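One structure is given below, encoded as structure tokens.
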Amino acid sequence: MKLAIDPEKCQRDGICVAECPVRVLELKPEDTVPTATPEADELCIRCGHCVAVCPTGALTHENLSPLDCPPIRKELALGPEQVEHFLRSRRSIRVYKEAPIDRNTLLKVIDVARFAPSGHNSQPVRWLVIQESKEVLRLAGMVIDWMRYVQKENPAMAQTLHMERAISAWEAGMDPICRNAPHIIVAYGDKANMAAQTACVIALTYLELAATAFGLGTCWAGYFNAAATFWPPLQGALALPGNHASYGAMMVGYPKFAYHRLPARKETDISWR
Ligand SMILES: Cc1cc2nc3c(=O)[nH]c(=O)nc-3n(C[C@H](O)[C@H](O)[C@H](O)COP(=O)(O)O)c2cc1C
């Protein structure tokens, strides 16, 4: 692992050494600046914390220089009240305008989700955007086919998941699966990567929150993702790379209606030990 530390800027404060999550930096008394330990090449997870935490911008890590890591702008920080209001005012949107979202806006929202945490900083999330609303509807029809199959093969499960209602809504001309959203965003990853599923869910959560700031509405497409997990025809249509699985899907579009209140939720259930 290549580490370049500017001795003029380094204050020998040991902050990078203390913050390195895998302890591959050390500051020996005889050295003027911290150095990488022999295991650094193998263990470094390239999280960039050493660069980001250095108060003087003294440290450059391989291809990650302070110039690649923009400064934190304190004036943009949110207070607790704003954060609570922002999080509580996000809603699952199920009625969308027909208007599509332009690709650039979709790109920007997905780009924010890129900064979600992932196990070992492995950043395993990959994205599939179903842009054409006609295709979204065609895939929703496949989810309905799966429901019809489940109804036949496992009526108890179909009942628990209210599949009959969804099928009859579909037959009445509604779309209870993707709610006529113009687009679906799927987060997927390599089945061999143990961090992938959780990383996809966290990244979609980032995406859902970021979307609200762009004036977009989203809703988790749980039925869609279940069918993407279990129904070969839908898997065929999604055509994810070999050994990859869909770990979450999100409807996205412009909300038709605005919400005016924050709905109540269950009280928090906490045990203190
Ligand atoms: C994993 C997951 C799957 C979901 N699947 C669906 C779905 O298939 N269809 C739907 O209309 N809503 C779906 N939802 C939305 C929930 O019903 C919604 O989050 C819940 O009612 C709370 O409403 P809120 O998101 O507006 O706070 C899903 C939510 C999650 C977290």
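Computed over segment 83-253, relative contact order equals 34 percent, with contacts defined as Cα pairs under 8 Å that lie 6+ residues apart. For the chain, modelled as a GNM whose springs connect Cα atoms under 10 angstrom apart, the maximal fluctuation among Lys97, Lys152, Lys191 occurs at Lys152. Stretching Glu62 away from Ile270 to a fully extended chain increases their span by 70.5 nm, per 0.36 nm per residue minus the current alpha-carbon distance. Between Ile45 and Ala77, the FRET efficiency estimated from the beta carbon spacing at R0 = 25 angstrom works out to 0.45. Geometric descriptor of segment 3-68, per residue, is 77 Å³ (volume of the convex hull of the Cα atoms). Label separation (Lys191 vs Lys97): 4.1 nm, computed from points 7 Å beyond Cα along the C-beta direction. Placing +1 on the Cβ of every Lys and Arg and -1 on the Cβ of every Asp and Glu, with nothing else charged, gives segment 83-253 a dipole about its Cα centre of roughly 200 debye.
Each Lys and Arg adds +1 at its Cβ and each Asp and Glu adds -1 at its Cβ; summed about the Cα centre, segment 4-77 shows a dipole of about 300 debye.
Taking 29 Å as the cut-off for C-alpha to C-alpha distance, list the pairs among Lys108/Lys134; Lys9/Lys108; Lys108/Lys191; Lys191/Lys266; Lys9/Lys74; Lys74/Lys266 that go past it. The pairs that break the limit, which is 29 Å between Cα atoms, are Lys9/Lys108; Lys191/Lys266; Lys74/Lys266.
Highest-first packing order for the peptide set 220-226, 114-120 is 220-226, 114-120, based on the mean count of other beta carbon atoms within 10 Å. Geometric descriptor of segment 67-173, per residue, is 218 Å³ (volume of the convex hull of the Cα atoms).
Taking the Cα centre of segment 173-273 as origin and charging only Cβ (+1 Lys, Arg; -1 Asp, Glu), how large is the dipole, in debye to the nearest 20? Spell out each step's value before the answer.
On the way: 7 positive and 5 negative charges, 46 e Å.
Using only the charged Cβ atoms, the result is roughly 220 debye.
A Förster radius of 41 Å combined with the Cβ-Cβ distance from Lys9 to Ser122 puts the calculated FRET efficiency at roughly 0.85. Each eigenvalue of the Cα gyration tensor of the chain, multiplied by 5 and square-rooted, gives one semi-axis; in descending order these are 44, 22, 18 Å.
Only one residue of Cys50, Gly173, Tyr254 has its Cα farthest out toward the positive end of the dipole of the chain, where Lys and Arg carry +1 and Asp and Glu -1 on Cβ, and that residue is Gly173.
The numbers here are math on the coordinates, done by the rules we state, and not lab data. This is a predicted model, so every value here is computed, not measured. In this analysis, Cβ positions are derived from the backbone assuming ideal geometry, glycine residues included, and neighbour counts consider all displayed protein chains.
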